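Scroll down for the structure; my scribbles are underneath it.
Derivation of every value follows stated rules applied to the coordinates shown; laboratory data play no part. Source: prediction; values computed, not measured. Note that each Cβ is placed from the backbone with ideal geometry, even for glycine, and that neighbours are counted across all protein chains shown.
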Amino acid sequence: MKYEAVIFDLDGVICFTDHYHYLAWKALADSLNTPFDESKNDRLRGVSRMDSLEIVLEEYQGPALSQEEKVALATKKNDLYRTYLQSMSPADLSDEVRSTLNALRAKGLKLAIGSSSKNTPLILERLGLGGFFDAVSDGNNITRSKPDPQVFTMAAEMLNLAPEKCLVVEDAEAGIQAACAGKFDSAGLGPASQYEKTTYPMKTFADLLSVTDGTKI
Ligand code: BG6
Ligand code: MG
């Protein structure tokens with residue numbers, strides 16, 4: 001086998017939280033009288049919470065906000081987002097993702113998470129995946145967010161493996177850039193299947209069964 005481990009991004013790869021992020025950012029933007037739509041929401045994929053806030057505030061015309069006020073706004077968004085996450089359950093994990101994860105593990109691969117989200121532990125628990133992964137590197141253990149490779153580098157360190165032995169699975173441009181910067185090969189889903197830097201463009205999650213052998217789809 002070409003790889004010994006797979007490091008998965010969470011949002012947009014294992015599960016779909018985009019709409020919850022959208023609803024929570026939209027409520028915050030409305031309260032600040034600043035426009036926010038789905039296309040702006042798409043730009044937040046893989047981007048940290050505070051960097052996302054800066055994008056949400058791009059067209060904001062109200063009084064200048066201090067760093068403290070910005071942190072309070074991000075917290076307000078996150079509180080609302082977490083109430084939406086409470087409605088997630090193991091039924092939000094697709095059969096395809098569940099069976100592919102099990103098949104990859106049966107092939108002897110280590111499985112890890114590499115996500116910018118500080119809500120990773122809650123999301124994994126809601127999906128019934130708490131304790132499933134061999135390593136979890138997320139927004140809580142990093143100081144630099146994607147496109148910096150830190151979250152993936154730390155996942156590889158937790159697994160005690162070199163980057164060349166780990167395949168990163170991503171849906172976001174920032175995530176593919178992070179994988180590339182950390183010298184990881186990458187498998188891209190959705191928008192990330194289109195990026196030039198993506199090693200293996202994929203059509204569907206189950207393509208990982210051949211991609212982990214080094215086969216191009
Ligand atoms: C990423 C999402 O996984 O996590 C981004 O794609 C999000 O949209 C980022 O901003 C940070 O998430 P959180 O849960 O820490 O606010
Ligand atoms: Mg993602």
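Model label points for Glu58 and Ser94, set 7 angstrom from Cα along the Cα-to-Cβ axis, are 2.8 nm apart. Stretching the chain fully between Thr75 and Ala27 yields a gain of 16.0 nm (0.36 nm per residue, less the alpha carbon separation).
The aspartates and glutamates whose alpha-carbon is closer than 13 Å to the alpha-carbon of Lys107, local same-chain residues fewer than 8 away aside, are Glu4, Asp213. Projected onto planes of every orientation and averaged, the convex hull of the alpha-carbon atoms in the chain covers 11.4 nm². When the pairs Lys2/Lys40; Lys40/Lys197; Lys77/Lys183 are compared against a 26 Å limit on Cα-Cα distance, Lys2/Lys40; Lys77/Lys183 fall above it. Taking only alpha carbon atoms, the range 94-164 gives an Rg to Rh ratio of 0.98, where Rh is the Kirkwood radius. Taking Cα atoms only, the orientation of helix 67-85 departs from the longest principal axis of the chain by about 60 degrees. Taking a ≥ b ≥ c as the square roots of the Cα gyration tensor eigenvalues, the range 82-122 comes out oblate, since a/c reaches at least 1.5 and a/b does not exceed b/c. Pairing the Cα long axis of helix 95-106 with the longest principal axis of the chain, what angle in degrees results, from 0 to 90 and rounded to the nearest 10? That works out to roughly 50 degrees.
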